[in-house]
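The values are calculated or read from the model by the stated rules, or taken from the named source; none is laboratory data. Keep in mind that this is a model prediction, so the values were computed, not measured. Because the Cβ atoms are built from the backbone with ideal geometry, glycine has one as well, and the counts that use them run over all protein chains shown. Calculation scope for accessible area: heavy atoms of the full protein, side chains included, ligands and nucleic acids excluded. Shrake-Rupley method; radii C 1.70, N 1.55, O 1.52, S 1.80 Å.
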Amino acid sequence: LTYVIAVVAILTVLYFGSQIMTYVPIAVMGALLIFIGLDFIDNWIIQGLDKFTQSEYLVALLIMLTVIFVGFLEGVILGTFVMLLVFVGTYSRISTVYRSVSVKNLPSTVQRNPHFTDELYTLREQVYLLELTGFLFFGQADAIVNEAKAHIHDADAPDLMFLIIDFRRVAGVDSSALLSLNKIINLAETYDFQVIFSNFEDNPSILRIIKDLSTSDRLQFTDDLDHALEKTETSLLEYAGTTQAFVATVIWMQLVEMGMDKPDAKELAKHMTREKYEPDNVIIHQGDEAHTIYFVEVGQVSIYLDLDTPNPIRLRTFTMGSVVGEIGFFTNKPRTATVVADTHAFILSLTRETLETIKQEKPELAFAFEGMMLKIVAQRLSNNNNLLTVLR
């Protein structure tokens, strides 16, 4: 019955207008206002002591006092404005830095020459990564600047050459955050390092803001974090002069670097077949039978995972002196990814039938080959473990 009476009362006012209120006794209207006021005090002031945080309770108290001494509308407006300030203050204390870490144990997916790989393990200490998250605005963007400053002024950290800022987890960037991003560019000019922004092209709001920073020669852009890491590794090797070192371009020398003895490496090379591939030629198709293992003698190839999307995912890139397709070869399982030549490349292959023949005729050579492959797989497993440690 209570609900029926309430509905009838509302419909009556809607139909007859406010003049119907003249038939309601003033005492009833006054009592109703007193009841609403007391209910507000009970819910928001008395019970609010246990339900609200200190800041929320102070806002409710401020609204009540404003309504009493100034007016109802003024109290609502003031409460809304104060709550906005409280929200901004609270949200600005949430860190936008999802992860800040040296990339020493976070290599790119490019599998390089063993000599380069060893050098990069130390050189990557000069690269620092900031992965951001959430929505960036003036209240939070300064935290990014402070994080960068803290690393720059860290006496135990090596001199910074690259600062990677990754936007993959960022929902948007407010124009007010542009000032803080400019501060990072200024830091790069002052302390002589490069800034790389990655993962921003898929977000129009970020792209619109970032374009205003693109005039600085201290700023570079990449499509994703992996390409940013690859760019820093290439630059570090060139800056350190490592690329001028001797690099084996003959397969038997590369096999020696992988762990085989010179006589075994030369003998194994005789059983391999060399083929030339043009850029974009497919070497391995995802889903094919894995009866061959490949050695990149000259050039560069990449492994892609095809998920029936417009852009396949690049899993890893291999340069000269690398082995490709060993997992499927030894497990005798179908290929799980596609391998494509990035450049003109000379690829040597060893079939399973050939390896079986070697095992029968020259078991020592087969043993040496499998020992070398065990070292390679173990090293890659160790690298993956280091990567998982960083990601955790």
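Filter the range 106-116 down to residues that are more than 23 Å from LEU305 (Cβ to Cβ) and either outside any loop (DSSP other than H, G, I, E, B) or at pLDDT 85 or above (or both), then give me how many there are.
Let us first name the residues in the range 106-116 that are more than 23 Å from LEU305 (Cβ to Cβ), namely 113-116.
Still in the running and either outside any loop (DSSP other than H, G, I, E, B) or at pLDDT 85 or above (or both): 114-116.
The total comes to 3.
Here is a check on your reading of the model: is PHE35 hydrophobic (A, V, I, L, M, F, W, C), open to solvent by 100 Å² or more (accessible area, probe 1.4 Å), within 49 Å of the chain's Cα centre (by Cα) and on the phi < 0 side of the Ramachandran plot?
no
Under the condition of being part of a helix (DSSP H, G or I) and without any contact (Cβ under 8 Å) to a residue 40 or more places away in the chain, which residue from the range 117-141 is nearest to PHE200 (Cα to Cα)?
GLU125
Out of everything in the range 133-159 that is among the hydrophobic types (A, V, I, L, M, F, W, C) and over 16 Å from ASN182 (Cβ atoms), what residue ends up being most open to solvent (accessible area, probe 1.4 Å)?
For the range 133-159, the residue satisfying everything is ALA155.
Out of VAL127, VAL145, VAL173, which single residue is of a type in the set (A, V, I, L, M), modelled with pLDDT under 85, in contact with a helix residue (DSSP H, G or I) (Cβ under 6 Å, 6 or more places away or on another chain) and under 20 Å from ILE196 (Cα atoms)?
Among VAL127, VAL145, VAL173, only VAL173 is of a type in the set (A, V, I, L, M), modelled with pLDDT under 85, in contact with a helix residue (DSSP H, G or I) (Cβ under 6 Å, 6 or more places away or on another chain) and under 20 Å from ILE196 (Cα atoms).
In this structure, is PHE40 over 22 Å from THR80 (Cβ atoms) and hydrophobic (A, V, I, L, M, F, W, C)?
Answer is no for this residue.
Name the residue that is nearest to LEU255 (Cα to Cα), counting only residues in the range 301-320 that are at pLDDT 85 or above and open to solvent by less than 50 Å² (accessible area, probe 1.4 Å).
Here the answer is MET320.
Give the range 332-356 a look and list any residue that's within 16 Å of VAL301 (Cα to Cα), open to solvent by 40 Å² or more (accessible area, probe 1.4 Å) and not polar (S, T, N, Q), or say none.
Those that are within 16 Å of VAL301 (Cα to Cα), open to solvent by 40 Å² or more (accessible area, probe 1.4 Å) and not polar (S, T, N, Q): ASP342, HIS344, PHE346.
For the range 9-32, what are the residues that are surrounded by 10 or more Cβ atoms within 10 Å (Cβ to Cβ) and of a type in the set (A, V, I, L, M, F, W, C)?
ALA9, ILE10, LEU11, VAL13, PHE16, ILE20, MET21, VAL24, MET29, ALA31, LEU32
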